[in-house]
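Here is the structure we will look at.
The values are calculated or read from the model by the stated rules, or taken from the named source; none is laboratory data. Worth saying up front: this structure is predicted, and the values here are computed from it rather than measured. Virtual Cβ from ideal backbone geometry, glycine too; neighbours counted across all protein chains shown.
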Amino acid sequence: MNQPRSADDGNLTHLPIRPQGFNGGDGPVLPGPGRQHKNKLYRRDGPASLGMSTLRTTMLHLTTGRVACLLSKRAVVALTNSGARMSSHGHHEVSDSVDMSQPMYWDRLDTPLPDRPWKDVLDSTDKSLKQKEKGPWTALSKEEKIALYRLKFNHTYPEMKRPSHEWKTVIGGMFIFFGITGLVVFWQGHYVYPPQPHTFGEEWQAKQIQRMLDMRVNPIEGFSAQWDYKNKQWK
């Protein structure tokens, strides 16, 4: 049953004690003004202001996250549409979008037979040539055979394997990058980094070596073991 608190609990004497989490069916018990809960004194002004600031920060983060997600989705859609633009093989027009669920044509060395022919929209000349293809190939000329091949494929294997001059661009870009990096390092060493400490000097290092020899550092198999103390020279 509810009992008044003793004076040992603080200056709160006539406050009823209720189980934690019970508020008459209205929800969890919230610490009120001057009410002690787990040895901590809560006030309505401190937690309320802190809660409002936390709520504002959370709403700002949610809004920023939604805007960033929307911008990223639009960027992905734009890149997909620009990357998927392909020229129409029959009319040399540029389409805004490509249905990726349909068979596509790719010039790849590991795909000798693409899913669809290179030129799927045929004119009257191409249709007559396709009808002539059904007959004996001995009646076809060399130019007609090449034209039939170009209806099916865009590039031949020698054309796909033909070396390009792209390596020159790559090498040039690498040299430009190395040159800019070298200039940045030189500028930092001259204007940004402090001068070397005096401990890097030859005189200081000689004194340090002599001190290590005088202290006989690692005399068994280490540094001092390589020094001949009788002849004052290295072994």
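Before moving on, here are some points about what is shown:
- Some residue of the stretch 162-180 being under 24 Å from residue 104 (Cα atoms) and either modelled with pLDDT under 90 or not in a helix (DSSP H, G or I) (or both): yes
- Across the stretch 181-235, the number of residues qualifying as in a strand (DSSP E or B) and free of Cβ contacts under 8 Å to residues at least 12 places away in the same chain comes to 3.
- Scanning the stretch 138-161 for residues that are more than 36 Å from the chain's Cα centre (by Cα), closer than 28 Å to residue 110 by Cα and surrounded by 10 or more Cβ atoms within 10 Å (Cβ to Cβ) yields 144, 145, 146, 147, 148, 149, 150, 151, 152, 153, 156.
- Conditions (1) loosely packed, with under 10 Cβ neighbours inside 10 Å; (2) in contact with a helix residue (DSSP H, G or I) (Cβ under 9 Å, 6 or more places away or on another chain): number failed by residue 189: (2)
- A search for C-beta distances below 6 Å between a residue of the stretch 108-123 that is touching a residue at least 12 places away in the same chain (Cβ under 8 Å) and under 14 Å from residue 155 (Cβ atoms) and any residue that is part of a loop (DSSP other than H, G, I, E, B) and hydrophobic (A, V, I, L, M, F, W, C), counting only pairs 6+ apart in sequence or on different chains, returns 114/106; 118/153.
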